[in-house]
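First up is the structure itself, then whatever we jot down about it.
The values are calculated or read from the model by the stated rules, or taken from the named source; none is laboratory data. As the structure is a prediction and not an experimental result, all values here were calculated from the model. No Cβ is skipped: glycine too gets one built from the backbone with ideal geometry, and neighbour counts run over all protein chains shown.
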Amino acid sequence: MLLDALRTDEKLAEWLKERESDDVPGVEARLPSADDLPDVLLDLAVPYEDVNEVVALRATLLDDEEATRLLERCVGALTRDMGEPDRGPHFLSFPPGSGPLGRYFYVYVLVAALPHVRAYHRERGIPDDVSRRTLADLGRAMVLHRRRHGIGGVLVPEWLALHFHGELYQLGRLQFQRSRLGQRDAAGLAGVGLELPVGEPYLSLHIPDYRGPLSPDACDRSVALAREFFARHYPDEHYASALCHSWLLDPQLKRHLPEGSNIVRFQERFETVFLDSEPEDGLPVRFVFGDPDLPLETLPRRTGIERAVVDHLRAGGHWHVGHGWFAL
């Protein structure tokens with residue numbers, strides 16, 4: 001049984017106890033039939049090579065009473081406080097020892113939550129194409145899992161909780177997450193001369209790696225879409241600024257990339273940037289090459305960004321996460 005495998009991991013065992021004590025609403029967590037499930041998966045951009053296995057494991061999940069109860073509680077956590085920023089569930093990845101059902105478990109959670117988040121989107125008047133493209137990020141997370149591990153699964157399920165909890169939207173080239181300024185970011189911005197109160201609403205800007213060039217025109221269009229989208233669909237919330245938390249804002253990239261490159265132009269969009277003091281060398285390796293644990297000597301140097309990441313690390317340098325702000 002799935003939960004027996006999870007309980008062998010101390011962190012997951014504690015997480016399971018917390019899920020049992022969660023005050024979650026009793027919601028319908030119904031999965032589509034085996035005949036209907038493939039179309040739902042394809043609408044969520046689930047890769048073709050994963051569809052048959054997900055459909056086949058559906059019966060295994062439904063025969064596992066404890067796993068089915070966990071599914072219901074995870075769906076309840078997603079629907080609780082639907083749309084409220086920073087109130088979504090905490091989803092942990094399951095270890096390889098949990099088997100195929102563990103690797104695909106969150107696919108079933110998100111599929112079962114799909115009717116609820118789509119209903120929330122409709123209540124907000126969110127266009128169907130925005131809803132569809134946002135939730136299809138599930139497929140990307142599965143592509144990245146196979147790219148890193150060589151088998152099917154969902155990479156970083158907690159990230160997808162933002163999409164299926166009504167907090168994050170795909171708008172053109174970029175993604176925008178409804179957020180509130182925390183103490184750490186407020187202090188960092190204050191350190192570079194920008195005073196914003198803790199709790200201030202802002203849009204957290206994310207950069208998918210599958211949407212083509214990060215061109216200035218594409219970014220301009222996304223920001224314009226975001227201004228219009230949130231003013232129309234969240235008129236009760238006022239977003240005056242956008243923040244981005246990314247290694248792509250490390251100013252050291254300017255030493256390795258041409259002045260007019262898309263990444264350098266992206267950095268110049270931000271009025272204020274501060275850096276984490278601790279290096280995060282695994283982040284660029286993860287996002288550029290797919291796996292943060294790849295040996296440095298094996299990394300290719302085919303593109304400008306690959307050469308920038310590799311050459312800087314081979315020279316003994318380090319990469320840092322930058323936090324950038326600009327007014328909307």
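For every residue, the table says whether it meets (1) polar (S, T, N, Q); (2) in contact with a helix residue (DSSP H, G or I) (Cβ under 9 Å, 6 or more places away or on another chain).
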| position | (1), (2) |
| --- | --- |
| 243 | no, yes |
| 250 | no, yes |
| 257 | no, yes |
| 260 | no, no |
| 263 | no, yes |
| 266 | no, yes |
| 269 | no, yes |
| 277 | yes, no |
| 290 | no, yes |
Are any of the residues in the range 248-262 small (Gly, Ala, Ser) and more than 25 Å from the chain's Cα centre (by Cα)? yes
In the set 321, 264, the lone residue that is assigned by TED's automatic domain parsing to the domain that holds residue 221, over 25 Å from residue 145 (Cα atoms) and among the β-branched types (Val, Ile, Thr) is 264
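Residue-wise test of (1) modelled with pLDDT under 95; (2) farther than 28 Å from residue 169 by Cβ; (3) crowded, with 18+ Cβ neighbours inside 10 Å.
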site	(1), (2), (3)
227	no, no, no
233	no, no, no
246	no, no, yes
279	yes, yes, no
300	yes, yes, no
Identify, please: which residue in the range 262-281 is assigned to a strand (DSSP E or B) and aliphatic (A, V, I, L, M) and is, among those, farthest from residue 192 (Cα to Cα)? 275
When you scan the range 29-50, how many residues do you find that are without any contact (Cβ under 8 Å) to a residue 40 or more places away in the chain and part of a loop (DSSP other than H, G, I, E, B)? 4
Among the residues listed as 154, 192, 111, 117, the single one being over 22 Å from residue 48 (Cβ atoms), in the same structural domain as residue 40 (by TED's automatic domain parsing), touching a residue at least 24 places away in the same chain (Cβ under 8 Å) and of a type outside the set (Gly, Ala, Ser): 117
Starting from the range 65-84, take each residue that is over 16 Å from residue 114 (Cβ atoms) and in contact (Cβ under 8 Å) with a residue 40 or more places away in the chain and list its partners that are charged (D, E, K, R) and part of a helix (DSSP H, G or I), counting only C-beta distances under 6 angstrom and pairs at least six apart or across chains. 73/19
Within the range 154-206, can you find the residues that are charged (D, E, K, R) and touching a Leu at 6+ places or on another chain (Cβ under 8 Å)? 158, 173, 178, 185, 195, 200
Please enumerate the residues belonging to the range 232-283 that are over 30 Å from residue 121 (Cβ atoms) and of a type in the set (Gly, Ala, Ser). 260, 261, 277, 282
Six or more apart or on different chains, Cβ atoms under 7 Å: show the pairs whose first residue is in the range 239-256 and closer than 19 Å to residue 194 by Cα and whose second is surrounded by 16 or more Cβ atoms within 10 Å (Cβ to Cβ) and of a type in the set (D, E, K, R). 243/185
